Amino acid sequence: MDAGMIWEWIIKSIFLILFMTGGFAYVTLLERRVLARMQVRIGPNRVGKFGLLQPIADAVKLIFKEELIPAGADKLMFIVAPVITVIPALIITGVIPWGTSINLFGREIALSIANVNVGVLYIMAVTSISVYGITLAGWSSNNKYAMFGGLRSTAQMISYELALGLSLVGPILLAGSMNVMDIVQAQKTLPFALLQPAGFIVYFMATLAEINRAPFDMPEAEQELTAGYHTEYSSMKFALFFMAEYIKMIAVAMIGSTMFLGGFQGPFVDQLPWLGPVYLFGKVIVWLFVDIWIRATLPRIRYDKLMALGWKVMYPIALLNVFITGILVVLTTKR
Amino acid sequence: MTEATLINPLDTLVDQFPSGWVKKDERPGYSGFIVEREHLLEFARTMRDDFGFDYLSMVTASDYLAEGKFDVVYYAYKTIGGPALIFKVQVPREDAVVPSLVALYPGADFQEREVWDLMGIRFEGHPDLRRILMWEGFEGHPLRKDWKEPFYEEDVKPYKSRWPEGKPVNADDRNPFNDNVQYPTGFDPERWVPEAETLLYSGLQRTTHNEEFKTDELIVNMGPQHPSTHGVFRMVVSLQGEKIVDLKPVMGYLHRNHEKIAERNTFLQNMPFTDRLDYTTSMSNNFAYALAVEKLMGLQVPERADYIRVLMAELTRIMNHFFATGFLLNDLGVYFTASLYAIEERELILDIFEEISGSRMMCNYFRFGGVVRDVSDEVLKKIHNLVYDRIPRKLDQFDAYLTNNEILRTRCEGVGVLTADQAIALSTAGPILRASGVPYDVRRADPYSIYDRLEFDVITGNHGDIYDRYLVRVAEIKESIKIVKQLLRDIPSGPILAGKPAYQVRVPAGESYGRVEGPKGEMGFYIVSNGKPNPERYHVRAPTFINLTSLAPMSRGEKVADVVVILGAIDIVLGEVDR
């Protein structure tokens, strides 16, 4: 391990974090523009060309807003909660490969930060942490709406995590490895979404619930709970929750593209490794667009129905999917 | 009791009761019956059970200071249609107590509270007689004629002080602290704790506690600042988990004592003032007020004006129902998509209103005896395009995307159910009453203007749930389109106003009640005139205020998320609820 390698890691990590935060800013813009178009409106188009500077204006506004901490709040937890939520969202994509490797400044640089052999397990483990942040935020605010939001999100995330985890078992079985790179390489000819349609759909719905997006945005159900767990948050602390939600949206889109849509795989990617990130990026954008589209279209499902859907429909389907995939893999594998 | 008495009991009503119980109201300009206070309950029960006056539409009171007494006025109807049964109880001002009718007509609940709040008449036997519109620490009852507001100048407008030498002066600037600001004795705003809050919380129903599995009820205040209450409205909800145990609505945050102000105004000054009640349906409000005053004046409205009036009222209904269904979807959490599509057509209707009246929302378009401006052929052509092309297309779109939407159906079907009996007893009106299967529509039950010549159906639902209310609203848009098409076909030419336009109208002494089927329910105005330029008593039967009585019965046992939708399906506008 030489100094150059350490520098490479540091630069890649910083690039990833900047990419995710920058991505967050522009996903909000994308969402606002797309929603507006879908709702016969125009959307923000005044700040910069096509409103491209809008996220910067928003950030400046949020930084200069007053930070409020309610008198009855548990101060430490109140401050720690957004941090706990945002950090897992930032580090989750560390194991996602962006491409094979490219030659830059005479060095062979791998287009992934960590090529861990239990990458999928890492993803599952890190995603689960952020629920603590939300629960703590709801509890520490000393507000009934926030508490309800926190409680709901805990229940919702726990019940959907099972289906989410099980839906990822399919690709693991098919690729025979937990290494994300291996899973991507296994999809060279056929993306797993075609081999695992049930798993893919379960993954898609479970992630909507996991990242609290419509129609599963129970924890922050505006019409009932004002803003749910972040009712009492303002200024940058609020922005952190907001950031966590959107970064997680990008992250699950990235993970989903990698596990089911072939990740960076695409035509000519072997000859031109630069195309890898472009393909991945394109798939993520399409995924995000579908998320936004769903938000503009569907009413919210009621909480009890949501829990019933999670436990009575998605969980059994995911289990059955794992069972069938396992049998088929055993039967078709040549020894 | 003969068949004739049963069908038309009002002519021989006095003979049906022991002497002295019931008298005909013989004052000139007045109608109805005066019932002895002691026998009110028996009288009301007989009228409800034996004669079929099952729908208590309005309760109000008026103050006759000179005679030293209050009139408590009741308007009851049969849901099968027909004229009103008007009965009154006269009580002396010193001993203003009347038996409560809540046990017989639960829909009288909020209205009796309102009368107690504003007029200071105590209803004996009312389960929850608290102030409803004014704040809890308020001293006095503002609609009494001897109650003077801060900065009081004169009883009626126009105030002479505003025009000393023909120049306007604002009296508030000249003397900011007049001496008639009243506080309760010993009132200290720093230490004051509203007593009614504890009353409010302790009045909530509780479930019996489960010993084995310790749970506690949580009281949540939804509102006054809350994104889903459509304004400044508060629901005190006690929750068992996500389930609603009990709910109490709290209103009055936008209260401005509309009725007191209106009693200071002249009759014509009130026309634009009615726009501000339900600010989305100003044309219907104008219509009801114009009808009430015209009844007193005995005016005959020209044919063309009547057509224009009904045309505007129906366009208002189309607009309001689009608005209501769109925002119902918003309450379900669709994040504005449906509502923005729904109000696209509303904009076009508002364009029409702007063209004919000069204002998009505060139209102020009706006058006593007609309307203020004529409608040009160009506008009629625009309306023609709307009802033949754009609105039916939009309705088909609604039908295609919403009516069979899986999530919409699971969230709306069987939620917030109101049976037909409950809906009648709770005095609900409009789409809510009809969605419960009661075919009661003022346009058919008691036709006004030219509705008796028009061809349309009264839409009813079967289940009385939110989904049926949605269906009723969509179907009513179709019926309104049908009406507008007939009006466009038949509209005659001619004058649009009876007599000359006048700033000051002469209204003979007497009482009258004008009501229309507004988009949200029966919109009525109760007017008492004493021959002067200003109304002696002016009362609004606000449909959404009375429809809110049904909120708590509908919500009990439902989930938190449903309450928002139930409230959305009532379609309230707080400008009208709080007045």
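The values are calculated or read from the model by the stated rules, or taken from the named source; none is laboratory data. It should be emphasised that the depicted structure is a prediction, and the values quoted were computed from it without experimental measurement. For neighbour counting, all protein chains shown are included, and Cβ atoms are generated from backbone atoms with ideal geometry for every residue, glycine included. Heads up: the accessible areas ignore ligands, DNA and RNA and are worked out on the full protein's heavy atoms, side chains in. Shrake-Rupley method; radii C 1.70, N 1.55, O 1.52, S 1.80 Å.
When residues in the range B:91-111 are screened for being surrounded by fewer than 17 Cβ atoms within 10 Å (Cβ to Cβ) and either part of a strand (DSSP E or B) or basic (K, R) (or both), 2 of them pass. Taking the range A:14-58 as the range and being more than 26 Å from A:L280 (Cβ to Cβ) and touching a residue at least 60 places away in the same chain (Cβ under 8 Å) as the test, only A:Q39 passes. If the condition is being within 19 Å of A:D304 (Cβ to Cβ) and either of a type in the set (G, A, S) or modelled with pLDDT of 85 or more (or both), then the range A:139-160 contributes A:G149, A:G150, A:S153, A:A155, A:S159. Determine whether B:V417 is open to solvent by 20 Å² or more (accessible area, probe 1.4 Å) and in the same structural domain as B:E314 (by TED's automatic domain parsing). The answer is yes for B:V417. Does the range B:139-160 include one or more residues that are closer than 20 Å to B:M235 by Cα and among the hydrophobic types (A, V, I, L, M, F, W, C)? No, the range B:139-160 has no match at all. Considering (1) open to solvent by less than 70 Å² (accessible area, probe 1.4 Å); (2) touching a residue at least 24 places away in the same chain (Cβ under 8 Å); (3) in a loop (DSSP other than H, G, I, E, B), the lone condition that A:K65 does not fulfil carries the number (1).
Whenever a residue of the range B:160-174 is under 20 Å from B:R264 (Cα atoms) and not assigned by TED's automatic domain parsing to the domain that holds B:R264, its partners that are modelled with pLDDT of 70 or more and not in a loop (DSSP other than H, G, I, E, B), lying with C-beta atoms within less than 6 angstrom and at least six residues away or across chains, give the pairs B:P168/B:R162; B:V169/B:R162; B:A171/B:S161. Please specify each residue of the range B:402-461 satisfying the condition of being touching a residue at least 40 places away in the same chain (Cβ under 8 Å) and within 14 Å of another protein chain (Cβ to nearest Cβ). Selection gives B:L402, B:T403, B:I407, B:L408, B:R409, B:R411, B:C412, B:E413, B:G414, B:V415, B:G416. Could you tell me whether any residue of the range A:8-20 is surrounded by 13 or more Cβ atoms within 10 Å (Cβ to Cβ) and not in a helix (DSSP H, G or I)? Taking every residue of the range A:8-20 in turn, none turns out to be surrounded by 13 or more Cβ atoms within 10 Å (Cβ to Cβ) and not in a helix (DSSP H, G or I). Taking the range B:46-61, which residues are open to solvent by 40 Å² or more (accessible area, probe 1.4 Å), over 20 Å from B:T549 (Cβ atoms) and in contact (Cβ under 8 Å) with a residue 24 or more places away in the chain? Within the range B:46-61, just B:D50 meets the criteria.
Of all helices (runs of 4 or more DSSP H) completely enclosed by the range A:199-300, which ones contain at least 1 residues that are buried (at least 21 other Cβ atoms within 10 Å of the Cβ) and among the small types (G, A, S)?
On the way: elements: A:222-225, A:235-260, A:275-297.
Qualifying helices (runs of 4 or more DSSP H): A:235-260, A:275-297.
Here is a yes/no grid of residues against (1) in contact with a helix residue (DSSP H, G or I) (Cβ under 9 Å, 6 or more places away or on another chain); (2) assigned by TED's automatic domain parsing to the domain that holds B:F366; (3) part of a loop (DSSP other than H, G, I, E, B); (4) buried (at least 16 other Cβ atoms within 10 Å of the Cβ):
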site: B:L386; (1), (2), (3), (4): yes, yes, no, yes
site: B:L395; (1), (2), (3), (4): yes, yes, no, yes
site: B:F398; (1), (2), (3), (4): yes, yes, no, yes
site: B:T410; (1), (2), (3), (4): yes, yes, no, no
site: B:D421; (1), (2), (3), (4): no, yes, no, no
site: B:E476; (1), (2), (3), (4): yes, yes, no, yes
site: B:S480; (1), (2), (3), (4): yes, yes, no, yes
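Residues in the range B:99-127 that are under 19 Å from B:F233 (Cα atoms) and acidic (D, E): B:D109, B:E114, B:D117.
Residue-wise test of (1) touching a Gly at 6+ places or on another chain (Cβ under 6 Å); (2) closer than 29 Å to B:F336 by Cα; (3) more than 14 Å from chain B (Cβ to nearest Cβ).
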{"residue": "A:W274", "(1), (2), (3)": "no, no, yes"}
{"residue": "A:G282", "(1), (2), (3)": "no, yes, yes"}
{"residue": "A:V290", "(1), (2), (3)": "no, yes, yes"}
{"residue": "A:L309", "(1), (2), (3)": "no, yes, no"}
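A:V60 meets each of the listed conditions (1) part of a loop (DSSP other than H, G, I, E, B); (2) open to solvent by 50 Å² or more (accessible area, probe 1.4 Å) apart from (1). Within the range A:139-155, the set of residues being more than 9 Å from chain B (Cβ to nearest Cβ), crowded, with 24+ Cβ neighbours inside 10 Å and more than 18 Å from B:M235 (Cα to Cα) comprises A:S140, A:S141, A:G149, A:G150, A:S153. Please work out if B:Y448 is under 21 Å from B:G521 (Cβ atoms), part of a loop (DSSP other than H, G, I, E, B) and in the same structural domain as B:T544 (by TED's automatic domain parsing). Criteria met by B:Y448. Could you say which residue among A:I87, A:I96 is surrounded by 18 or more Cβ atoms within 10 Å (Cβ to Cβ) and closer than 30 Å to A:M157 by Cβ? Of the residues listed, the single one that is surrounded by 18 or more Cβ atoms within 10 Å (Cβ to Cβ) and closer than 30 Å to A:M157 by Cβ is A:I96. Looking across the range B:219-234 at every residue that is in contact with a helix residue (DSSP H, G or I) (Cβ under 7 Å, 6 or more places away or on another chain), within 17 Å of B:E558 (Cβ to Cβ) and at pLDDT 80 or above, the one that is nearest to the other protein chains (Cβ to nearest Cβ) is identified as B:V220.
Condition first: under 18 Å from B:Y365 (Cα atoms), among the hydrophobic types (A, V, I, L, M, F, W, C) and more than 13 Å from chain A (Cβ to nearest Cβ). Can you find one or more residues in the range B:319-339 that meet it?
Scanning the range B:319-339, I find at least one residue that is under 18 Å from B:Y365 (Cα atoms), among the hydrophobic types (A, V, I, L, M, F, W, C) and more than 13 Å from chain A (Cβ to nearest Cβ), so the answer is yes.
Those residues that are buried (at least 19 other Cβ atoms within 10 Å of the Cβ), more than 14 Å from every other protein chain (Cβ to nearest Cβ) and outside any loop (DSSP other than H, G, I, E, B), I need them from the range B:340-378; list them, please. Of everything in the range B:340-378, those that are buried (at least 19 other Cβ atoms within 10 Å of the Cβ), more than 14 Å from every other protein chain (Cβ to nearest Cβ) and outside any loop (DSSP other than H, G, I, E, B) turn out to be B:I349, B:I352, B:F353, B:I356, B:S357, B:F366, B:R367, B:G370, B:V371.
Take the conditions (1) in contact (Cβ under 8 Å) with a residue 40 or more places away in the chain; (2) more than 10 Å from chain B (Cβ to nearest Cβ); (3) over 24 Å from A:G262 (Cβ atoms); A:V313 misses just one of them, which is (1).
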